[in-house]
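For reference, the structure is listed below as structure tokens.
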């Protein structure tokens, strides 16, 4: 067998090419999202020139943008609704096939409209699903074996997460821990190749810097780990409640059969536009809010406001069924709740020198662990996004507390629940009902082979 025809060369070559595509698409997506956020803020600022009627402008624009995002989903790619991670997971387990290539432009432009309108969603959902689809396009041309093709698909999805959070190791761990629950040499080669080159391309486009900048502190003393365990337990309960809120609002949206899904998305976007009129910094993906928390610029009152409002508008935004993920909102909610916990400890025990920033970073990974039930991914993301490797032990302890509490409360990981809901809709003809109500055809989805 010649070198060029060897399995490892084909697998690595396909993964590298997929990573280049994901880096280009994901980097462009991140750049345009930042531009959309600036345009939305400028619109709200200009609207305040008319204090009595100006609120109508963000309500109208955000409602229309959310509706257009939903129309793209309904008309061209129903599987682009929501995060998309649950669909990729179903593909990896052989319960569904990958979506057709049209999902890439639908996720790209639908995500720009949805997140640009201010919906509290994350950019990682679109990039993960686009990454899996781009990986599939490459693997069908280069890789021969079906098993290796599914490996490249998974690697492309991991590269999508890596680009979304500027976290190549986190993207790789996400593939092993969440998408496939497997660790093989072939999957390792493909995932590392795709994630590393994708982030390299993205950094060439957007710059080589951490997503969040914050000061370094000394390593946490051993006896001070107990508060992080307590924070993890509290966020375990919060994660259970947050997951339940997402599912409850999705169920409520399903029951509103008298209103089309496009109409529901428009209403949800309009409400977000009204929130933007009063507090423009509290809508959208939330990166600037997270940076403010990690820079200790938020007062206790501001932290409480961020926590309460984002807890409400996160599930509300996801119910619009537009392209958008859950990870970034979880990280912001975890940071705000962790910082609040730290401020309370500082007030009760001011002489012990607790850092609210440390609790904010641990809160990011702990709430992620409670909701998604992927603690290693959450920990690595927190470290890569903040550069706070000095908190590794506290991150482990906090995530442990969150995992134990969420498991004791009997809560399913959010993507397990969302995947079950998606499969039930497929089996029960849910797509047909929505197709008739919205007046558009939806392509059928078949089951594929298991990733083995």
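The values are calculated or read from the model by the stated rules, or taken from the named source; none is laboratory data. All figures in this text were calculated on a predicted structure; none of them were measured in a lab. Using ideal geometry, Cβ is built from the backbone for each residue, glycine included, and neighbour counts are taken over all protein chains shown.
So that you can scan it fast, the table gives a plain yes or no per residue for (1) in a helix (DSSP H, G or I); (2) surrounded by fewer than 24 Cβ atoms within 10 Å (Cβ to Cβ); (3) touching a helix residue (DSSP H, G or I) at 6+ places or on another chain (Cβ under 7 Å); (4) at pLDDT 95 or above:
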residue	(1), (2), (3), (4)
68	yes, yes, yes, yes
95	no, yes, yes, no
110	yes, no, yes, yes
115	yes, no, yes, yes
119	no, no, yes, yes
138	yes, no, yes, no
141	yes, yes, no, no
147	yes, yes, no, no
154	yes, no, yes, no
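Pairs needed: first member in the stretch 405-416, surrounded by fewer than 16 Cβ atoms within 10 Å (Cβ to Cβ); second member anywhere, assigned to a helix (DSSP H, G or I); C-beta distance under 6 Å; at least 6 residues apart or different chains.
So the pair list comes out as 409/240.
Take the stretch 121-136 and flag every residue that is touching a residue at least 40 places away in the same chain (Cβ under 8 Å), closer than 30 Å to residue 313 by Cα and in a helix (DSSP H, G or I).
124, 125, 126, 127, 128, 129, 130, 131, 132
Among the residues of the stretch 338-349, which ones are surrounded by fewer than 17 Cβ atoms within 10 Å (Cβ to Cβ) and either in a helix (DSSP H, G or I) or in contact with a strand residue (DSSP E or B) (Cβ under 7 Å, 6 or more places away or on another chain) (or both)?
Answer for the stretch 338-349, where residues must be surrounded by fewer than 17 Cβ atoms within 10 Å (Cβ to Cβ) and either in a helix (DSSP H, G or I) or in contact with a strand residue (DSSP E or B) (Cβ under 7 Å, 6 or more places away or on another chain) (or both): 344, 347, 348.
Looking for whichever is touching a helix residue (DSSP H, G or I) at 6+ places or on another chain (Cβ under 9 Å) and buried (at least 20 other Cβ atoms within 10 Å of the Cβ) here; the options are 275, 300. Which one fits?
Among 275, 300, only 275 is touching a helix residue (DSSP H, G or I) at 6+ places or on another chain (Cβ under 9 Å) and buried (at least 20 other Cβ atoms within 10 Å of the Cβ).
Hey, could you check the stretch 350-382 for residues that are closer than 23 Å to residue 295 by Cα and not in a helix (DSSP H, G or I) and say which is modelled with the lowest pLDDT?
353
Scan the stretch 70-93 for residues that are over 14 Å from residue 419 (Cβ atoms) and either at pLDDT below 90 or not in a helix (DSSP H, G or I) (or both) and jot them down.
Within the stretch 70-93, 77 is the sole residue that qualifies.
Considering only residues that are surrounded by 12 or more Cβ atoms within 10 Å (Cβ to Cβ) and free of Cβ contacts under 8 Å to residues at least 24 places away in the same chain, which ones fall in the stretch 1-33?
Within the stretch 1-33, 9 is the sole residue that qualifies.
Just need a number here: residues in the stretch 285-337 that are in contact with a strand residue (DSSP E or B) (Cβ under 9 Å, 6 or more places away or on another chain), assigned to a helix (DSSP H, G or I) and under 23 Å from residue 103 (Cβ atoms).
So the count comes out to 4.
Criterion first (surrounded by fewer than 21 Cβ atoms within 10 Å (Cβ to Cβ), under 30 Å from residue 349 (Cβ atoms), at pLDDT 90 or above and touching a helix residue (DSSP H, G or I) at 6+ places or on another chain (Cβ under 8 Å)) does residue 230 satisfy it?
So residue 230 passes the test.
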